[in-house]
Each structure stands twice: as C-alpha cells, then as structure tokens.
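Read the structure below first, then the notes.
The values are calculated or read from the model by the stated rules, or taken from the named source; none is laboratory data. Everything quoted here is computed from the prediction, not taken from an experiment. Note that we place each Cβ from the backbone using ideal geometry, even for glycine, and neighbour counts take in every protein chain shown. All accessible areas refer to the heavy atoms of the entire protein, side chains included, with ligands and DNA or RNA removed. Shrake-Rupley method; radii C 1.70, N 1.55, O 1.52, S 1.80 Å.
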Amino acid sequence: MNGLLQQDVNQETFTLNLGPQHPATHGVLRVKLVMDGEYIVEAEPVLGYIHRMHEKMGENRTWVKFLPNCGRMDYLSALSYNHGYVAAVERAAGIEVPERAEYLRVITVELNRISSHLLWFGAFVLDLGGFTPLLYAFDDREFILDLLESVTGSRLTYCYFRFGGVYNDIDDAFIAGTREFIKKQRKRMPMYDALVTKNIILIKRLKEIGPISKDMAIRYGATGPVARGSGINYDVRKNEPYSVYPEFDFDVPVYEEGDSMARYMVRMDEIEQSMRIIEQALDKLPEGDIKPKKAVKLVKPEKGDYYHAVEAARGSFGVRLVSDGTNTAYRLKLRSPTYSNLSLYGEATKGMLLPDALALMGSLDLVIPEIDR
Amino acid sequence: MGNEVVQPPIIHFDTLDKILGLGRANSLWPMTFGLACCAIEMMATGAARFDLARFGAEVFRPSPRQCDVMIVAGTISKKMEPAVKTLYDQMPEPKWVIAMGNCAISGGPFVFEGQYGIVEGADKFLPVDVYIPGCPPRPEALIEGILELEEKVTGHRRWPRVEAK
Amino acid sequence: MLLAKIKEALSSLYEDIQETQEAPAADDAAAVEAEATVVEAAAEEETAAIDTAPVAADAAEEAQAKETAPEQEDAEPEEAEEPQAPPGPKETDYKAKGYHLDVDLPPEKIPEAAEILLRENFFIESITGVDWIDEQQLEAVYDFNHFDELCRVVIRTRTDRDNPAIPTISHIYQGANWHERETHDFFGIKFTGHPNLEPLLLPEDADFHPLLKDFKA
C-alpha cells in the first residue's frame with residue numbers, strides 16, 4: 001500500500017477498483033477508491049495504461065514527422081493540438097502564416113471544438129443513464145465529420161496543418177455545407193435544452209455536485225471549462241490572443257457556481273459561441289495563399305526554449321520546446337489540460353457518493369490518452 | 001488462468017452446428033473495450049448513421065462474461081497487457097477477437113527505435129481472428145470486419161462483396 | 001503592472017545569493033590591497049634606506065608604479081565584470097519566446113519562490129525536466145501563469161546528473177504532486193519531501209527513466 005491510502009483497522013472501509021475497463025471511464029483510467037459504504041473516503045487515479053511515448057517521439061522524429069502524433073493525443077479535438085504544435089514551431093523558427101491560412105485554421109478548429117463538445121455531451125448523459133442524447137449527438141457530429149473529411153481527408157485524427165499554413169484549400173461546397181450545418185444546429189440546440197438541460201433528473205444529478213473552488217483551480221492549475229465553471233474568466237483566445245482570434249466578436253461563458261451543472265452549461269454555451277466565430281470567419285474570409293510564398297523547405301528553429309499555448313476544447317494546451325538547432329527537438333514538453341484538471345479529483349471527491357463522483361468525472365471531460373501522452 | 005485445451009465434441013451434429021453457427025454469427029455481442037482513438041469510431045459504428053444493430057452486434061456489454069467477441073480497439077501498452085489477457089480469459093467459449101486499427105495489428109504509428117511502452121500488436125498474446133487496418137478504420141471497415149467474422153463462423157458470407165468496376 | 005510586481009518580489013530571493021558572490025570578491029580586493037601596501041612599505045623602506053638617490057628613487061618609483069599598475073590592472077577586470085547583468089529575474093521578449101519572466105534559481109530557493117507566486121495568485125501550469133547531458137546536469141523548468149493578467153513566469157533550476165535532488169513544492173501547489181511524479185518518472189529527479197514519489201505514467205515496477213539521453217530500451 002502506498003502512503004496515500006492508509007487502511008485504518010478500526011474503520012470499516014473497503015477498497016474498490018474502478019477501471020481500467022469500465023463503461024464510464026472515458027478511456028483507460030483506473031481509480032483506486034477507499035469506500036465507506038457508498039461514500040468515498042479517498043480516491044486516487046492511476047494513470048499510464050495508454051502511455052504512448054509522445055514526448056520521446058518528439059525527440060526521435062523530425063519536426064514534420066511529429067505532426068501525425070498531434071492528432072492522436074486528444075483525438076476528439078485533434079486540430080487544436082495540431083495548432084498548438086505548429087504555432088510553437090512557427091514562433092521558434094520565425095515562420096509567417098498567410099491570412100487566408102489563419103482563417104481556415106480558425107474555421108476548422110472551431111468546427112472541431114463543436115464536434116468535441118457534442119461527443120462530450122452524449123457521453124456525459126450516457127454516464128448519467130440516458131442513452132438517447134448520445135445518438136442525437138453522434139448524428140449531429142457526423143455532419144461536421146463529413147465537412148472536415150472533404151477538406152482534410154480524415155474523420156477523426158486530423159493532420160491538416162503544416163508549418164506556415166494548411167495543405168488543402170476549401171471550396172464553395174464546404175462553405176455552403178458549413179452554413180447549412182450552422183442553421184441546422186441552431187434549430188437543434190433548443191431541443192437539447194428542453195430534453196436534457198431542463199430535465200429534472202439531470203438537474204438533480206448535477207446541481208451542487210462536485211464543487212470546485214477558485215482557490216482549488218489555482219493550486220491545481222485547472223483551465224478551460226473546468227475553470228470557467230468556477231467563476232474564473234480565463235480563455236487563451238481572449239487573454240493571450242494568437243492567430244486571428246482578435247478579429248472576431250465572441251463571448252466567453254463564465255458561471256460562478258462551480259458545480260457540475262455550471263461546467264455543463266459552459267460547454268453548451270461554447271457551442272453557440274463557436275458557431276458565431278465560424279459565421280464571422282466565413283463572412284470575412286480573404287483570398288490569398290494558404291502556404292507562405294517562400295516555401296518552408298527545412299524547419300530549423302534557433303537554439304533556445306519557447307512556449308506557446310492555445311485553447312483546446314478541454315483547456316489551455318501548451319507546448320514547450322527546447323531546440324538545439326538540429327532537425328529534431330531537443331526536448332518537447334506537451335502540457336495537457338486534462339492532466340491538471342484530473343489531478344484535483346482526489347481532493348474534490350472526498351466524502352462524495354460514488355454516483356456523484358462519476359458525474360464529476362464526466363463533467364471534467366476526460367480524454368485519457370491526452371493525460372498519458 | 002493458464003491456457004486450457006477445449007476438447008472437441010465426440011459426436012458432431014452437422015445441422016445443429018450449422019444452426020448454432022448461424023445464431024452465433026448473427027448476434028455477436030461485442031465487449032466495450034475501446035482503449036484509444038479507434039474506440040470513437042467503434043462508438044460511431046454503433047450510433048445512428050452506420051448502425052451496427054442491423055448486423056446483430058448492437059449490444060455492447062461491459063462485462064466480459066456476457067460477450068462473444070472482443071474488439072481490441074486501440075494501442076495496448078505494456079501496463080495494460082495483463083488486464084487485456086485477464087479479460088480475454090474471463091470470456092466464455094466460443095469467443096473471437098477482432099484487432100481493429102493499426103495499433104492493435106502491429107503497434108501502429110507508435111513503433112520507433114527504442115520504444116519502451118507498447119506491445120506491438122494484439123496477436124503477440126491473443127489469438128486474433130480478423131484484422132481491420134486503418135488509423136482509425138472507417139465505420140464501414142469495421143462493419144466489413146464483422147461480416148468477415150460472420151463468414152468465418154458460418155462458412156458463407158451474408159452480403160455480396162462490393163467490387164470496383 | 002503584475003510583471004513589475006512579481007519581478008521585484010522574486011528579486012528579493014537573489015539578495016543573499018548576491019552577498020555570497022560579493023564576499024569572495026571583497027576578499028580578493030582586500031588581499032590585493034594588502035599585497036600592495038606591503039610592496040609600498042618595502043619600496044618606502046628601500047627609498048629610505050638608499051636615501052634620496054634619484055636613480056634609486058626612480059627605481060623605487062618605477063617599482064612602485066609597476067606594483068600599482070598590476071593592482072590597477074587587477075582592479076580593471078573586476079570593474080569590467082560589474083556591467084554584466086547581476087543575477088536576478090530577467091524579462092524576455094514575449095513575442096519571440098512566449099513567456100515574460102525567466103528566473104534562474106538554485107534548488108534550495110524553489111519552495112520560497114513558489115510561496116511568493118502563490119501569494120500573488122499565480123497558477124502552476126507545468127513542471128518538466130531537460131537533460132543537458134553535455135554539461136552533466138539535469139534542469140527542472142517550472143511554468144506559472146496568472147488568470148487575471150497575462151504574465152508567464154518560468155523558473156529554472158539545475159542539479160547534478162548523478163544525484164539529482166530538488167525540494168518539492170507539492171505542499172504549496174498541490175497540482176505539483178503529479179507534475180513532480182512525472183518528472184521523476186522520466187528523468188529520475190528526486191523531489192525531497194514528496195509524499196509518494198512512485199511511477200505515475202510508467203508501470204509500477206519501472207526502474208528506468210526513459211527521457212534521459214542515454215536511455216536504451
């Protein structure tokens with residue numbers, strides 16, 4: 001037994017193992033629970049069941065050959081991860097990106113964010129016991145996947161960005177399809193609202209469950225919807241603008257309560273805000289190249305270390321790269337947002353009922369391969 | 001749980017075997033064993049557009065005691081390998097294994113010189129029946145894999161093969 | 001301005017580092033001065049002994065000048081060193097590097113720096129390591145950021161490669177618990193005072209550290 005779980009012989013507790021194969025753990029996560037009846041005394045997540053050595057591959061693969069890895073870290077919002085890595089290398093090597101490419105990047109990243117939130121919505125309500133919203137969410141998601149497949153070529157693990165731009169341009173069918181999708185989705189959201197959000201069972205399951213205070217978010221480094229559900233107004237797109245986000249007018253939903261319902265509402269509102277960004281980007285889309293005029297043949301960042309952060313669907317994804325002037329990175333650190341979000345699970349679940357702890361885990365929006373990298 | 005030898009039956013009932021084979025093939029119950037990215041495509045295959053239910057395989061059971069087929073979807077890491085073997089051993093006979101995705105076939109994109117963390121393919125420790133390549137394979141590919149498994153169980157194929165003209 | 005405030009707060013950590021650096025310099029200067037006075041006294045004795053013979057006086061003066069000249073030469077390199085940047089938090093070019101403040105500290109000062117940052121409500125973004133095998137050192141890099149006003153602070157510390165040990169900050173920032181476990185997994189840096197420094201991402205019985213440059217599978 002390690003120091004974290006001390007068995008007290010006078011207390012009648014038992015140790016329960018949740019995972020690594022379990023319908024509610026979104027990936028392979030194992031949680032060691034010490035239970036007193038239905039109440040959790042201590043919860044300790046155990047990681048490493050899908051550790052795929054991304055950081056070691058960052059040192060083995062050249063700069064370009066690492067691009068497919070970015071899509072496999074968090075496969076639900078793979079384009080944000082592409083964006084983080086590509087932006088970090090562009091900052092280090094001083095590569096300029098043409099404006100049309102930046103707009104295409106924003107449009108595809110926001111579409112990906114909507115699809116990630118839709119899948120989270122379906123899986124979360126499935127954890128709580130409702131099967132129907134999952135099928136509706138997957139159906140909506142298929143439209144986005146069709147659109148992105150026509151541009152990037154893949155359905156799930158995209159590898160669309162290149163250093164200095166993107167590799168494929170969009171056509172009129174894509175633009176028409178996206179506008180059609182936004183119209184359709186705007187009609188769907190009130191249905192989700194009436195069926196799920198205002199459902200008395202969901203409200204009773206989520207309100208005041210799993211409170212995360214602002215102080216806890218600071219001590220653990222929680223970002224993304226987990227922080228925005230606790231009253232912290234931090235969004236990398238607004239606080240530390242990158243790409244062409246300053247040109248768009250969108251709100252950042254922030255809720256004060258800090259419970260699971262607040263995190264749920266933050267993500268549902270973010271879907272609407274992403275649709276606003278896509279509409280504005282489609283209206284303002286400039287003509288031009290999608291790759292820089294002087295083609296980037298060899299990427300050679302200068303010696304030193306660099307950092308770049310983007311707003312992924314789950315929080316602030318940071319890339320810290322140490323370069324020694326050769327064609328591979330000397331050290332590539334990937335700061336994953338869910339890693340910091342999950343680390344507060346042990347403190348947040350003390351004394352909770354087991355089903356409430358599962359509701360909290362769902363509201364944190366975990367993707368385990370991103371934690372294990 | 002070691003390797004057990006299942007004795008073949010002494011008396012063969014040909015028609016009964018055919019009927020049992022038909023029943024088993026048309027109602028394969030998969031285990032929800034999504035490890036990584038391929039799990040999402042498996043869920044999409046079970047969802048509304050691609051609908052695995054019309055082939056009989058809609059009931060994804062979380063418990064290994066109630067499944068026929070284990071779809072290994074995702075990378076198997078060295079830490080996870082004993083758990084996968086335990087789950088396979090807990091499944092009752094007759095059972096099949098589908099290796100879905102490049103990682104389950106041979107390690108996928110994570111094989112490099114000096115790799116320390118993954119098992120290069122599910123067939124290193126499990127008897128795999130059908131391999132479905134792709135990273136991740138499309139839902140149509142998973143459906144084709146299920147049809148191949150049905151052909152392996154019954155001896156003939158349910159749907160005609162699609163041929164490019 | 002948050003950047004100026006935190007820079008000033010962190011530079012207080014450097015005060016005793018600077019004192020230890022000035023003390024040996026003062027000793028050197030005093031030693032040089034002592035030698036010079038001895039030489040001067042000897043030269044004066046010579047001049048007094050030889051009486052005011054101009055050649056001897058010239059020689060003594062030359063000798064004295066020669067003695068003072070090296071003293072001045074010794075003094076000049078010391079003065080030339082001072083215009084170099086004194087140790088302290090350095091502001092960096094945000095557009096080029098991606099962070100605002102770069103702080104280089106010895107390992108013992110890390111918990112104090114973390115306490116200063118927590119008082120100002122910085123949140124911990126990540127902790128990682130870098131293996132500088134050519135210099136036989138392991139570096140730990142701490143990233144901090146602020147929710148209200150953008151200010152990225154990077155704290156670095158270096159330790160020996162053979163016996164790496166850095167004090168933990170998991171009692172100040174609880175999120176550092178997992179980050180330090182991961183850094184220990186990959187590099188073998190021991191964080192003294194950590195409640196359970198067990199493998200987090202590698203199997204429980206792993207005894208290898210994969211991200212070291214001389215790791216062979």
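Quick notes on this structure:
- Gap separating the Cα centres of segment A:166-192 and segment B:1-49, nearest whole Å: 39 Å
- Once the partner protein chains are put back, segment C:134-152 shows a loss of at least 30 square angstrom of accessible area, versus the chain by itself, at C:D143, C:F147, C:L150, C:R152 (probe 1.4 Å, ligands and nucleic acids excluded).
- Backbone N atoms of segment A:285-328 closer than 19 Å to the 7 Å Cα→Cβ label point of A:E99 belong to residues A:285-294.
- Based on C-alpha pairs under 8 angstrom that are at least 6 apart in sequence, segment A:53-372 has a relative contact order of 27 percent.
- Nonlocal amide H pairs with A:A312, under 5 Å, H built at 1.01 Å: A:F317
- Ellipticity at 222 nm from helices only: DSSP H runs of n ≥ 4 in chain A, each -39500 (n - 2.57), divided by the residue count, give -14500 deg cm²/dmol.
- If you sort the three axes of the alpha carbon gyration tensor as a ≥ b ≥ c, you get a/c of 1.5 or more for chain B and a/b no higher than b/c, which makes it oblate.
- Per-residue surface analysis assigns A:R219 an accessible area of about 40 Å², computed on protein heavy atoms at 1.4 Å probe radius.
- Relative contact order of segment A:303-373, pairs being alpha-carbon contacts under 8 Å that are 6 or more residues apart, as %: 24 percent
- Shown in residue order for segment C:156-163 are the 3J(HN,Hα) couplings computed by the Karplus curve 6.51 cos²θ - 1.76 cosθ + 1.60 at θ = phi - 60°: 10, 8, 10, 9, 5, 6, 7, 9 Hz (x for Gly and Pro).
- With a cut-off of 13 Å between beta carbons, the residues surrounding A:N199 carry a summed charge of +3, where Lys and Arg count +1 and Asp and Glu -1.
- Separation in nanometres of the label points that stand 7 Å from Cα toward Cβ, at B:E140 and B:S63: 3.8 nm
- When both bridge partners sit in the protein assembly as shown, DSSP labels roughly 75% of those beta bridges antiparallel.
- Antiparallel DSSP beta bridges within segment B:64-160, percent to nearest 5: 10 percent
- Mean separation of Cα contacts under 8 Å, 6 or more apart, over the residue count of chain B: relative contact order %: 22 percent
- Contour minus Cα-Cα distance for A:E272 and A:L285 (0.36 nm per residue): 2.7 nm
- Percent carbon-and-sulfur accessible area, segment A:181-308, ignoring ligands, DNA and RNA, probe 1.4 Å: 53 percent
- If you wrap the Cα atoms of segment C:136-217 in a convex hull and average its projected area over all directions, you get 6.3 nm².
- Segment A:103-132-segment C:87-120 distance, computed between alpha-carbon centres (Å): 37 Å
- Cα centroid separation - segment A:23-72 against segment C:170-199, whole Å: 17 Å
- Here the Karplus relation 6.51 cos²θ - 1.76 cosθ + 1.60, evaluated at θ = phi - 60°, turns the backbone of segment B:15-26 into coupling constants of 5, 5, 4, 5, 5, 4, x, 4, x, 5, 5, 8 Hz, with x for every Gly and Pro.
- The accessible surface of chain B, taken with every protein chain in place and a 1.4 Å probe, is 56 percent carbon and sulfur.
- Rg of the Cα atoms in segment C:96-174, relative to 2.2 N^0.38 Å, amounts to 1.12.
- For segment A:53-372: rounded, prolate or oblate by the Cα gyration tensor [a/c cutoff 1.5]: oblate
- Karplus-derived 3J(HN,Hα), 6.51/-1.76/1.60, for each residue of segment B:77-88, Hz, glycine and proline x: 8, 5, 6, 8, 4, x, 5, 5, 5, 4, 5, 4
- All C-alpha pair distances within segment A:1-156, sorted into 10 Å bins from zero, spread as 9, 26, 28, 21, 12, 4, 0 percent across the bins.
- Entry comment: accessible area of segment C:105-217 is 37 Å² per residue, from protein heavy atoms only and a probe of 1.4 Å.
- Amide H contacts under 5 Å for A:L16, placed H, 5+ residues apart: A:L33, A:V34, A:M35
- Equivalent ellipsoid semi-axes, the protein assembly as shown, via Cα gyration tensor eigenvalues times 5, rooted, Å: 58, 30, 26
- Taking amide H as placed 1.01 Å from N in the peptide plane, C:E125 has its amide H under 5 Å from the amide H of C:D143, C:F144, C:N145, each at least 5 places away in sequence or on another chain.
- Positive-pole candidate from B:V111, A:G122, A:N239, dipole of the protein assembly as shown, charges at beta carbon: A:G122
- Taking 0.36 nm per residue of separation and subtracting the current Cα-Cα distance, fully stretching the chain between A:D171 and A:N327 would add 52.7 nm.
- Rounded, prolate or oblate (a/c below 1.5 giving rounded, otherwise prolate when a/b exceeds b/c) for segment A:234-350 by Cα gyration tensor: oblate
- Probing with 1.4 Å while keeping every protein chain in the model, the per residue accessible area of segment A:53-372 equals 32 Å².
- On the beta carbon distance between C:E112 and B:S27, with R0 = 41 Å, the FRET formula returns roughly 0.05.
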